[in-house]
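> Below you will find the structure I want to go over with you.
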Amino acid sequence: MKNILVSGGAGFIGSHLIDRLIEMGKNVIIIDNLSTGLKENINKSAIFYKRDIRALNLKQIFQNHEIDTVFHFAAQIDVRKSLNEIEYEIDVNIKGSVNLIVNAAKYGVQEFYFTSTGGALYGDNNVLPATEETEVMPDSPYAIDKFTIEKYLESFKRLYGFKIFIFRLANVYGPRQNSQSEAGVIGIFSTRMLKNKKILVYGDGKQTRDFVYVKDVIDAMMTIYNKKVEGIFNVGTTEETDVLTLFEILKEELDYKREPIFLEMRPGELLRSALAYNKIKKAVGWKPKTSIEAGLKKTAKWYKENFR
Ligand SMILES: NC(=O)c1ccc[n+]([C@@H]2O[C@H](COP(=O)([O-])OP(=O)(O)OC[C@H]3O[C@@H](n4cnc5c(N)ncnc54)[C@H](O)[C@@H]3O)[C@@H](O)[C@H]2O)c1
């Protein structure tokens, strides 16, 4: 049996995907530099390389293992940091991704799966929910770089003939999400509530996002993987949830007694975001199953049990 390489496999979404692949009896190789990922997320049945996707010696991994499939999750995922540390952003999200793609092409990979972004890519263009046909309006280096890698993949598909599968994800949440970064409001709220720390809300808290539960995301990826339908697919719920609603549900679940502190809206922050999922539903029959209430309940339970 050939091998599946997962970059970013010690991270939030990647580690859930690997658990599923291992359950299916697949051979998995992980590359992760543990910059935000955690050793404890790494499935013991996978082979782990602590390696940076920018590394020149990435090719050794392709030479030593016969790899036919790549899932590429490794990234600098913080939108705000992508503005403040643009060179690092480009280095990891463009140069690192291209390094991985070039190696994949050179060493005969047949399928390349990429996690792009939905919300940040469609931006504030007032089309709600956004479909894959909606004009992209990337407003941050992070979103521009995700779009750039989509284009690299389309070009490399034409040049080298591998199949490409692109997931434009909504805001993913669930167990193992890193609460340190700017990326996961649910993780940040949960851990701060458990430490009884103050919760900051930027603006009036009415800004919305499309929150999709991680298990539903893995189901979407695995359905595409099993049916091999190529293309660009939104993975979201079409539902908008505002920050104050999140706050209220988590407050209840985590028995938090304080009220939020409202601060000025941060410049560049999206007001609303939601993704349509008709395309993936039509292609492979996927739709989200977990309501925001059920997903938050499970997530809050996990944070309670894994409170650090
Ligand atoms: N979480 C979301 O809501 C969301 C939404 C849209 C897209 N995505 C994309 O999904 C992917 C996974 O995101 P996540 O939420 O699991 O984030 P995460 O930070 O938990 O996972 C990213 C992993 O990549 C690793 N990594 C970072 N830079 C690396 C490098 N230079 N070399 C090797 N490894 C590196 C980190 O250590 C981490 O384990 C990312 O590409 C992200 O952009 C996530």
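The values are calculated or read from the model by the stated rules, or taken from the named source; none is laboratory data. As the structure is a prediction and not an experimental result, all values here were calculated from the model. Methodologically, a virtual Cβ is constructed for each residue, glycine included, from the backbone with ideal geometry; neighbour enumeration extends over all protein chains shown. Keep in mind that these areas ignore ligands, DNA and RNA; they rest on the heavy atoms of the full protein, side chains included. Shrake-Rupley method; radii C 1.70, N 1.55, O 1.52, S 1.80 Å.
> Hey, residue 299 hits all of (1) under 30 Å from residue 113 (Cα atoms); (2) out of contact with any Gly (no Cβ under 6 Å at 6 or more places or on another chain); (3) not assigned by TED's automatic domain parsing to the domain that holds residue 166 but one; which does it fall short on?
(2)
> Right, here's the next one. If a residue must be closer than 18 Å to residue 174 by Cα, open to solvent by 20 Å² or more (accessible area, probe 1.4 Å) and in a strand (DSSP E or B), how many such residues does the stretch 212-246 contain?
Residues in the stretch 212-246 being closer than 18 Å to residue 174 by Cα, open to solvent by 20 Å² or more (accessible area, probe 1.4 Å) and in a strand (DSSP E or B): 1 in total.
> Check off (1) surrounded by fewer than 22 Cβ atoms within 10 Å (Cβ to Cβ); (2) within 24 Å of residue 245 (Cβ to Cβ); (3) not charged (D, E, K, R) for residue 186 and give me the number that stays unchecked.
(1)
Matching residues to (1) of a type outside the set (Ser, Thr, Tyr); (2) part of a helix (DSSP H, G or I); (3) near the ligand (Cβ under 9 Å from one of its atoms); (4) open to solvent by less than 20 Å² (accessible area, probe 1.4 Å):
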| site | (1), (2), (3), (4) |
| --- | --- |
| 126 | yes, no, no, no |
| 133 | yes, no, no, no |
| 155 | no, yes, no, no |
| 164 | yes, no, no, yes |
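> Which of the residues spanning the stretch 1-51 are open to solvent by 60 Å² or more (accessible area, probe 1.4 Å), basic (Lys, Arg) and more than 9 Å from the ligand (Cβ to nearest atom)?
Passing the criteria: 2, 26, 39, 44.
> Is it the case that residue 178 is part of a loop (DSSP other than H, G, I, E, B), more than 21 Å from residue 289 (Cβ to Cβ) and open to solvent by 50 Å² or more (accessible area, probe 1.4 Å)? Working first, answer last.
On the way: part of a loop (DSSP other than H, G, I, E, B): yes; more than 21 Å from residue 289 (Cβ to Cβ): yes; open to solvent by 50 Å² or more (accessible area, probe 1.4 Å): no.
No.
> Restricting to the stretch 289-308, name every residue that is among the aromatic types (Phe, Trp, Tyr), assigned to a helix (DSSP H, G or I) and either open to solvent by 40 Å² or more (accessible area, probe 1.4 Å) or closer than 20 Å to residue 208 by Cβ (or both).
Of the residues in the stretch 289-308, the ones among the aromatic types (Phe, Trp, Tyr) are 302-303, 307.
Among the residues that remain, those that are also assigned to a helix (DSSP H, G or I) are: 302-303.
Of everything in the stretch 289-308, just one residue is among the aromatic types (Phe, Trp, Tyr), assigned to a helix (DSSP H, G or I) and either open to solvent by 40 Å² or more (accessible area, probe 1.4 Å) or closer than 20 Å to residue 208 by Cβ (or both), namely 302.
One line per residue, one yes/no per condition, for (1) surrounded by fewer than 20 Cβ atoms within 10 Å (Cβ to Cβ); (2) more than 12 Å from the ligand (Cβ to nearest atom); (3) not hydroxyl-bearing (Ser, Thr, Tyr):
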position	(1), (2), (3)
57	yes, yes, yes
66	yes, yes, yes
89	no, no, yes
94	yes, no, yes
97	no, no, no
104	no, yes, yes
138	yes, yes, yes
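> Let me ask something else. Residues in the stretch 78-120 that are in a helix (DSSP H, G or I), in contact (Cβ under 8 Å) with a residue 12 or more places away in the chain and polar (S, T, N, Q): how many?
Number satisfying all stated conditions: 5.
> Let me ask something additional. Would you check which residues across the stretch 189-211 are surrounded by fewer than 19 Cβ atoms within 10 Å (Cβ to Cβ) and of a type in the set (Phe, Trp, Tyr) and list them?
202
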